[in-house]
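The block underneath contains the structure these notes are about, expressed in structure tokens.
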Amino acid sequence: MSEMIHPVGGKLKDPSLLLQAIVDSSEDAIISKDLNGIITSWNKGAERLFGYTTDEAIGQPVTMLMPPDRVKKETGILVDCRRVTITTRVASLGCALYCRSDSSLRTAAR
């Protein structure tokens, strides 16, 4: 990775620390999963939105956040992701997810 300049001045020794700070401080839920659909990272925004702590979420299937009628679609998405090459453009997907706190359905579409 190329050198990054610290906003206050000077060079960052580890640019990944800046990215980590951005993710950690985001109000948005930022979640990553592996190609098997297992949650591998979970920020504070995800804790607030879904009601699961980081320890509860990491290692669990991402389908725990989805209504049952969307699980099959996620399986198809994972299959497609395994076929994606570095030059393939992936379209944005709408989603419907369950929140733990009140089991209500929240929907986001693009």
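The values are calculated or read from the model by the stated rules, or taken from the named source; none is laboratory data. Predicted model, so just to flag it, every value in this text is computed and none were measured. All Cβ positions, glycine included, derive from the backbone under ideal geometry; neighbour counts span all protein chains shown.
For the range 21-79, what are the residues that are of a type in the set (Ser, Thr, Tyr) and in contact with a strand residue (DSSP E or B) (Cβ under 7 Å, 6 or more places away or on another chain)?
Across the range 21-79, the qualifying residues are 32, 40, 41, 54.
Can you tell which of 70, 100 is among the charged types (D, E, K, R), over 15 Å from the mean Cα position of the chain (by Cα) and at pLDDT below 80?
Result of the check over 70, 100: 100.
From the set of residues in the range 51-71 that are in contact with an Asp or Glu (Cβ under 9 Å, 6 or more places away or on another chain) and part of a loop (DSSP other than H, G, I, E, B), which is surrounded by the fewest Cβ atoms within 10 Å (Cβ to Cβ)?
53
Take the residues in the range 78-97 that are surrounded by 15 or more Cβ atoms within 10 Å (Cβ to Cβ) and over 16 Å from residue 30 (Cβ atoms); name whichever of them is modelled with the highest pLDDT.
If we filter the range 78-97 for residues that are surrounded by 15 or more Cβ atoms within 10 Å (Cβ to Cβ), which is where we start, we get 78, 95-97.
Checking the rest, the ones that are also over 16 Å from residue 30 (Cβ atoms) come to 78, 96.
Numbers: 78: 80, 96: 51.
Selected residue: 78.
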